[in-house]
Amino acid sequence: MQMPAIDMIATGRNILRLREEAGLTVRDLQEIFGFTTPQAIYKWQHGTALPTIDNLVILAVVFRVPIDRILILREADENLMFSA
């Protein structure tokens, strides 16, 4: 059975696209989240980190989309998933 996995790079590109479509800057999101620096947002957009569940909920509200429109899934290789 193939298990889905989050494609971090594609999800990051999607967050960038949704932010731009919403007419928001990184600074705007930084203020919405109350972050002291924009690093977390840049990490999300570059696919090196994912937002926490709480932050995904906020992004969904800000972007006016369901969470499943933010996350991009791919089918994981079953051999990699269960090879421990």
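Data for the structure
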read-out: Chain lengthening between ARG74 and ARG17 when straightened (0.36 nm per residue, less Cα-Cα); value: 18.7 nm
read-out: Surface share of carbon and sulfur [accessible, 1.4 angstrom probe, percent] for the chain; value: 58
read-out: Probe 1.4 Å, accessible area per residue of the chain, Å²; value: 66
read-out: FRET efficiency, 1/(1 + (r/R0)^6) with R0 22 Å, evaluated for PHE35 and ALA10 via beta carbons; value: 0.40
read-out: Dipole axis of the chain (+1 Lys, Arg; -1 Asp, Glu on Cβ), positive-most option in GLY23, ILE41, THR11; value: GLY23
read-out: Simple label model, 7 Å out from Cα along Cβ direction - THR25 to ILE58, nm; value: 1.9
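The values are calculated or read from the model by the stated rules, or taken from the named source; none is laboratory data. Please read all numbers here as calculations on a predicted model, not as lab measurements. For neighbour counting, all protein chains shown are included, and Cβ atoms are generated from backbone atoms with ideal geometry for every residue, glycine included. The area values use the complete protein model at the heavy-atom level, side chains included, leaving out ligands, DNA and RNA. Shrake-Rupley method; radii C 1.70, N 1.55, O 1.52, S 1.80 Å.
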